[in-house]
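The next block holds one structure in the form of structure tokens; read it before the comments.
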Amino acid sequence: MAIDIAHEKYPGSIYAVEIGAAKAEGGSRESVIKVGGETTLPFLFNEGAIPNPPVVGLEVFDCEPLEWPEGLTREFGDCLKDPIRWAKRCVGEFGAKLLCVRLMSVHPDWGGRSSNDAVGFLKALLGEIKTPLIVLGCGDAQKDNEVLAKASQVVRGERCLFGIATQGNYKTLAASCLADGHSIIAESPIDVNIAKQVNILISDMGFSPNRIVMHPTTGSLGYGMEYVFSIMERARLAALAGDKMLSMPFILFTGQEVWRVKEAKESATLGLEWEIATATAMLHAGANILIMRHPKAAMEVSKFIDVLMKKE
């Protein structure tokens, strides 16, 4: 006797967000990344549509990352002293389809360079690299409000993804992104209610929901990731049930979290495996964009995404 398999069907869907603008759209990118758009939980193809696969991006700083452990820096060699070379290697050798640029040099603890210098680097990078870009500040609210506003103007029309906007500091970045045609990362401290509130605040400024990407913050494997997984799952279920203010794609900075833990710092091999394991777990939680640091980890996770996206 044939058994009918029960399938869950949801009334809601995740907004589709585009990163990068081609020449025909007024930009200069050679490709456009599209994430989101799904109508089901991760990789359940029999229950809904998953039109766009998750994307892995590699991270590039605008200065040498002096705090990275040796097990990570040796994968890049001396190109870490030259951010343009670093970015080119990420794209040319490691196959990155998306670059996440962190303007860390303006931070007082990272050299305190002027915002004009940081933006000058971004302008130079724009001419050398043709992949879509994510642009982040240094984490200092005052510095970020200054440098990201200028950076937004420099890459105007390129439809970048800018971050990071928080409940207490979102207005300046949102206004810049709105004026220059970029999308925005909305961050919340692993809390569904705050995530929704930040999305509402940004939307109230006139931002279209399909230009917002959520960053729920995360931890690495064994360091709170299990809690993050459950929060992401709650948010995704609410979105699929029809909550439009939680229907944005997810971005997670897995590399940042993994390479700060003791185990990764002490063992390059363990750090590599830890980043892969964390990233693959986050895919099943609903991650649409994973920003990674170890190039081998990024390549392995990209291969795994190809496997997961096979519907057979």
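When the alpha carbon coordinates of the chain are projected onto the principal axes, the ranges are 69, 46, 37 Å, largest first.
Couplings 3J(HN,Hα) of the range 10-26, computed from phi: 10, x, x, 8, 8, 4, 8, 10, 9, 10, x, 10, 6, 4, 5, 9, x Hz, in residue order, whole Hz [Karplus 6.51 cos²θ - 1.76 cosθ + 1.60, θ = phi - 60°; x for Gly and Pro]. Each Lys and Arg adds +1 at its Cβ and each Asp and Glu adds -1 at its Cβ; summed about the Cα centre, the range 264-308 shows a dipole of about 100 debye. For the residues Val192, Val135, Val258, a GNM of the chain with alpha-carbon springs under 10 Å puts the largest fluctuation on Val192.
When the chain is treated as a GNM with alpha-carbon contacts under 10 Å, the residue of Ile84, Ile200, Ile276 showing the greatest mean-square fluctuation is Ile200. Compared with the dominant Cα axis of the chain, that is its longest principal axis, helix 268-285 is turned about 50°.
Loop sites by DSSP among the trypsin sites (Lys or Arg not before Pro) of the chain, restricted to those with at most 14 other Cβ atoms within 10 angstrom, leave 75-309 as the longest stretch without any of them.
For the chain, the longest principal axis of the Cα atoms and the long axis of helix 171-180 meet at an angle of about 90 degrees.
In terms of the Cα gyration tensor, with a ≥ b ≥ c the square roots of its eigenvalues, is the range 1-129 rounded because a/c is under 1.5, prolate because a/b exceeds b/c, or oblate? Cα axes put the range 1-129 in the prolate bin. Each residue of the range 27-32 was assigned a 3J(HN,Hα) from its phi angle through the Karplus curve 6.51 cos²θ - 1.76 cosθ + 1.60 (θ = phi - 60°); the sequence is x, 9, 7, 8, 8, 10 Hz, with glycine and proline shown as x. Loop-resident GluC sites (Glu not before Pro) (DSSP state other than H, G, I, E or B) in the range 47-134 with no more than 12 further Cβ atoms inside 10 Å of their Cβ: Glu67, Glu93.
Largest GNM mean-square fluctuation across Tyr170, Tyr15, Tyr223, computed for the chain with C-alpha springs under 10 Å, falls on Tyr223. Dividing the summed -39500 (n - 2.57) terms of all DSSP H runs of n ≥ 4 by the residue count of the chain sets its mean residue ellipticity at 222 nm at -12000 deg cm²/dmol.
Summarising the amide proton neighbourhood of Ala16: residues at separation of 5 or more, or on other chains, whose placed amide H is nearer than 5 Å comprise Gly37. Using only Cα atoms, find the angle between the long axis of helix 295-308 and the longest principal axis of the chain, and express it within 0 to 90 degrees, rounded to the nearest 10. It works out to around 20 degrees.
Only the coordinates and a few stated rules stand behind these numbers; no lab work does. Note that the coordinates shown come from a computational prediction; the quantities given were computed from them, not determined experimentally. Heads up, the Cβs are rebuilt from the backbone with ideal geometry, glycines too, and the neighbour counts pull from every protein chain shown.
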